[in-house]
Structure formats: C-alpha cells, structure tokens
Amino acid sequence: MSRTPLSIAEVEAACDALDALPDAELATNAAARAVELLAMGEDVVAAWIAARGAEPTNAEVEGFRLLALHRQGAKGVPSFNACRETCRELVYHHNLVAGDPVAPESAQRLRMATMITRHLALFIGGKLVVEGLGDFCCSSRPIRQADVAAPEAMEN
C-alpha cells in the first residue's frame, strides 16, 4: 500500500497531533508510529529536492531512503549538510522503537522522534522560505536579523 506524501505544513500538524497524545496512546502500535515518523522525515526532505527541480530518489543509503534523500538534497548546497545529523537521529530513534516496540521507553523515544521530525520540517521549511538560512541547523540569522530590523524601522 502506497501512502500519499505530506506537505511540510502537514508534517508539522501531524507532529502537533502526536505531541497531544498521552504516552499510553502514543506507545500503542509504536512500531507503526516510528515508521510513519520516518516517512514524514522523507516527505520533508523530498519536498526540498522537488522544490529545487529534481526528482526525489527512491534509493537507500545504509538501508534508509531518508539518508539517500539527504545525500541527494545536499548536492551543491553545503548548508544543507546541517540537517544530516537530524536525519541520522530520526533513523536512530526509529531503530530504537522498531527493535523493541513494547519497551517501557517507547513513548519517550517516539516523543523524541516527533521532536526531531518537527525540527527537520522547521529547518527545511525555513530554508525554502529564506535562501541561505545558515550554515548550521539552528542558525537562523537572516530571520533573526529581519525580526530585529523591523522594530528599529518602526521607531524611525
């Protein structure tokens, strides 16, 4: 069965919905939730690639499409390498849940995977809005500068 890819905004909304779930409900069918979070990460990186006019790959790196998509998306855009570790963390948390979906830590691991997925969506969504967002994943200097410049302009 094929799933329809989500937009970045839909990924953010799905992360919000997962965050709203109580731990017991979140951990229900933990393996399937981990797979869905990984797929949402793929959707986000694929959106970046498609926005740049390329066809997102279906290949895998180290057994994961997300890592292949990251590799494809980083070609020619050194600042995109900033989210490499974010992609790898999402794979790691997926693997923790998949390895033992009934572990007492499953809800906590899914919460972390949700946070990582949201982080990826915010970073890539930001890069799509502001070209050259920064060389590091959490650097949003152009956005911060715009926020700082706006109040000063209003005072004059």
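Readers should treat all values here as calculations from the given coordinates under stated rules, not as data from a laboratory. Just so we're clear, the structure is a prediction, and the values are computed from it rather than from any experiment. A quick note on method: Cβ atoms are made from the backbone with ideal geometry, for glycine too, and the neighbour counts reach across all protein chains shown.
For this structure, a couple of remarks:
- Val44, Val97, Val35 arranged by Cβ crowding within 10 Å, fewest neighbours leading: Val35, Val97, Val44
- Ascending count of other beta-carbon atoms within 10 Å, so fewest first, for Ser2, Ser7: Ser2, Ser7
- Exposure proxy ranking, count of Cβ atoms within 10 Å, fewest first, for Arg65, Arg3: Arg3, Arg65
- Using the alpha-carbon positions of the stretch 1-83, Rg (one decimal) and Dmax (whole number) come out as 14.1, 43 Å.
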